[in-house]
Ligand code: MN
C-alpha cells in the first residue's frame, strides 16, 4: 500500500500545534490584577496588612473583574492596552471609565510605594523641576496634601507632568485620572497618585484623612517616580 501523504505523524504534530495556539490566550484578551510588589505587611504601620489585603485583593480585584466583564459588550477593549484605554475613555460607557480607571490608578499606586526607607529620593532632574514649579519639595508636598485633603468624597491627588513639561498638582473624582480624555480634565503624565477613597485608610485612620496623607509620604517610591519623570520626555 503506497504511503499516504501527509503522513500521520505530521498531521498529529500540526494538530498539537493548533491546539497549543488555541489554548494560549493572547496577552491582550483580558486585563489582570498585578501582584503587590511587596508583602501585605511591608508598609506597616502606615498601611496595615488588613487594609492592604482588602484594598488590593478585593477592591482592585473587583475593578479588574468588572472591566473584563465589559469586554464582550465593548469588543474594542480587547484591542487596547490599559494605558491606551485611559486616553480613549470617553468612547466607552461609564462602567468602563470607573473600572478601567480603577485598574490603572491602583496599578500605579502599588508601584509608587515602597517600604519606608527603601524608596530612594527625588532625582536631580525631578528635584530641579519641582523647585522650578513649586519653590521647594516641601511646598510641592504641601500643595499635594491640600489637594488630597480637599477632594470631597472619593478620588485621587496627583503630581503630573503637563504636556509643556512643567509639573502641576491636580485632583480627580472617583476613579478618573489625568490620562483620561474627559472634558475639563487637567491632563498630563501622572508621576505620583494618592488614593484618598475611605477604603484606602479608614480601618487605621477613620476620619483622619490628613494623618493618612502625611504618613503616606514615608512610603513614596521615588525611584519609580524618577522613572516616570524620565520616561515621557
Ligand atoms: Mn482604592
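Given the rule -39500 (n - 2.57) for each run of at least 4 DSSP H residues, summed and divided by the residues of the chain, what is its mean residue ellipticity at 222 nm, to the nearest 500 deg cm²/dmol?
Result for the chain, helices only: -12500 deg cm²/dmol.
Rounded to the nearest 10 degrees, what's the angle between the helix 124-134 long axis and the longest principal axis of the chain, both from Cα atoms, 0 to 90?
On a 0 to 90 degree scale, this one is about 50.
Sorted from largest down, what three extents in whole angstroms do the Cα atoms of the chain have along their principal axes?
Taking max minus min along each principal axis of the Cα atoms, the chain gives 89, 40, 36 Å.
Where does helix 94-111 land angle-wise versus the long Cα axis of the chain, in degrees 0 to 90, nearest 10?
70 degrees
Using only Cα atoms and rounding to the nearest 10 degrees, what angle (0 to 90) does helix 137-150 make with the longest principal axis of the chain?
The angle comes out at about 80 degrees.
Set the Förster distance to 35 Å, then compute FRET efficiency between residue 182 and residue 44 from the Cβ-Cβ distance, nearest 0.05.
With R0 = 35 Å, the Cβ-Cβ based efficiency is 0.45.
In the Gaussian network model of the chain, springs joining C-alpha atoms below 10 Å, which of 147, 168, 73 carries the largest mean-square fluctuation?
Comparing 147, 168, 73 in the GNM, the peak value goes to 73.
Can you tell me the relative contact order of the chain? Whole percent, Cα pairs under 8 Å, sequence separation 6 or more.
So the answer I get is 22 percent.
For the residues 104, 217, what sequence is obtained by ranking on other C-beta atoms within 10 Å, fewest first?
Lowest to highest Cβ neighbour count: 217, 104.
Using a Förster distance of 22 Å, how high is the FRET efficiency between residue 139 and residue 162, based on the Cβ-Cβ distance and rounded to 0.05?
0.80
Tell me, in nm to one decimal, what length is gained between residue 84 and residue 231 on full extension, where the rule is 0.36 nm per residue of separation less the Cα-Cα distance?
Extra length available between residue 84 and residue 231 comes to 51.3 nm.
Residues in region 163-178 near a label at residue 146, defined as backbone nitrogen under 18 Å from the 7 Å Cα→Cβ point?
167-172, by backbone N distance to the label point.
Find the centroid of the Cα atoms in region 63-122 and in region 175-196, then give the distance between the two in whole Å.
12 Å
Most fluctuating residue of 206, 108, 70 in a GNM of the chain with Cα springs under 10 Å: which is it?
206
Coordinate-derived values only; no laboratory data. Note that the structure is predicted; figures quoted are calculated from it, not measured. FYI the Cβ positions are ideal-geometry reconstructions off the backbone, even for glycines, and counts take in every protein chain you see.
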